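Note sheet for the following structure.
None of the figures in this text is laboratory data; all of them are computed from the coordinates on show. Because the structure is a prediction, the values reported are computed rather than measured. Because the Cβ atoms are built from the backbone with ideal geometry, glycine has one as well, and the counts that use them run over all protein chains shown.
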Amino acid sequence: MSEKQYLIDVLTVHDSWRLFKILAEFVDGFETLSDIYPCVSIFGSSRVRPGDEVYEKAVVIAKKLAENGFNIMTGGGPGIMEAANKGAKEVGVKSIGTNIHLPLEQESNTYADIKVEFKYFFVRKVMLVKYAQAYVGMPGGFGTLDEIFEAITLIQTKRIKPFPVILVGSDYWNNMWDWVQSTMLERKLISPKDMDLVTILDDPDEVVKVIRRAVSV
């Protein structure tokens, strides 16, 4: 057997076993999260801390959604995720954390009552979108953008039923969305109706109002 064929065989076996690990994460997620309706997924930076204006606003939004009957799901880590889980726990609804294993910065926060651990980002993203009736994006980095644009793409391509995608913080999001309009839309890379897939808000009460209008609790 050639060295090349040996490497191909080893990689094939390794990838085949990886499939079982991926399947196990899907099964664990499906079994744990099957009864969390209605639920809102909240995203944002893992780097903000208690006392930060954005952190405290995430707590308020989660609490107000919880008071209106919504369970809250996050990525399970610190920062905005912790804030949203904290707001949910203070009201007493289900506070769900879908934690991802990262080498540097993420550990599960203490406010998530229901925890699911993931190794694979794409499995976690399936859970966050499958069991959510709305997305709330607080200011965040690449991970937040990834989650938000994944949802927009799935709605745009009709792979999932439309649901509210709300970005909180006009001072943070407006410039990005202006670029989407002035560049992507101007060059006809998206359709005019795609601009309606996102709502940018500042007031927590308005966030709740938009979601309640779209979701029956």
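Odds and ends about this structure:
- Checking Lys193 against (1) buried (at least 18 other Cβ atoms within 10 Å of the Cβ); (2) assigned to a helix (DSSP H, G or I), the condition it does not meet: (1)
- Unmet requirement for Thr183, which otherwise passes all of (1) among the β-branched types (Val, Ile, Thr); (2) part of a loop (DSSP other than H, G, I, E, B); (3) farther than 22 Å from Ala66 by Cα: (2)
- If you go through the stretch 31-56 and keep only what is over 18 Å from Ile114 (Cβ atoms), part of a helix (DSSP H, G or I) and acidic (Asp, Glu), you end up with Glu53, Glu56.
- The one condition in (1) closer than 26 Å to Leu197 by Cβ; (2) hydrophobic (A, V, I, L, M, F, W, C); (3) assigned to a helix (DSSP H, G or I) that Val59 fails to fulfil: (1)
- Checking each residue in the stretch 116-129 for being farther than 16 Å from Tyr37 by Cα and outside any loop (DSSP other than H, G, I, E, B) picks out Val116, Glu117, Phe118, Phe121, Phe122, Val123, Arg124, Lys125.
- Residues in the stretch 14-32 include none that are touching a Lys or Arg at 6+ places or on another chain (Cβ under 7 Å) and under 12 Å from Tyr131 (Cα atoms).
- Taken as a whole, the structure places Ala66 among residues that are touching an Asp or Glu at 6+ places or on another chain (Cβ under 9 Å) and either buried (at least 19 other Cβ atoms within 10 Å of the Cβ) or not in a loop (DSSP other than H, G, I, E, B) (or both).
- Residue satisfying all of: in the stretch 78-99; more than 12 Å from the chain's Cα centre (by Cα) and not in a helix (DSSP H, G or I); surrounded by the fewest Cβ atoms within 10 Å (Cβ to Cβ) among these: Gly92
- Hits in the stretch 157-176 - residues which are surrounded by fewer than 16 Cβ atoms within 10 Å (Cβ to Cβ) and either of a type outside the set (Ser, Thr, Tyr) or without any contact (Cβ under 8 Å) to a residue 24 or more places away in the chain (or both): Thr157, Lys158, Arg159, Ile160, Lys161, Pro162, Asp171, Asn174, Asn175, Met176
- Exclusive hit being in contact with a helix residue (DSSP H, G or I) (Cβ under 6 Å, 6 or more places away or on another chain) and more than 20 Å from Pro204 (Cβ to Cβ), set Ala66, Ala112, Ala83, Ala88: Ala112
- Ala132 meets each of the listed conditions (1) assigned to a helix (DSSP H, G or I); (2) in contact with a Cys (Cβ under 8 Å, 6 or more places away or on another chain) apart from (1).
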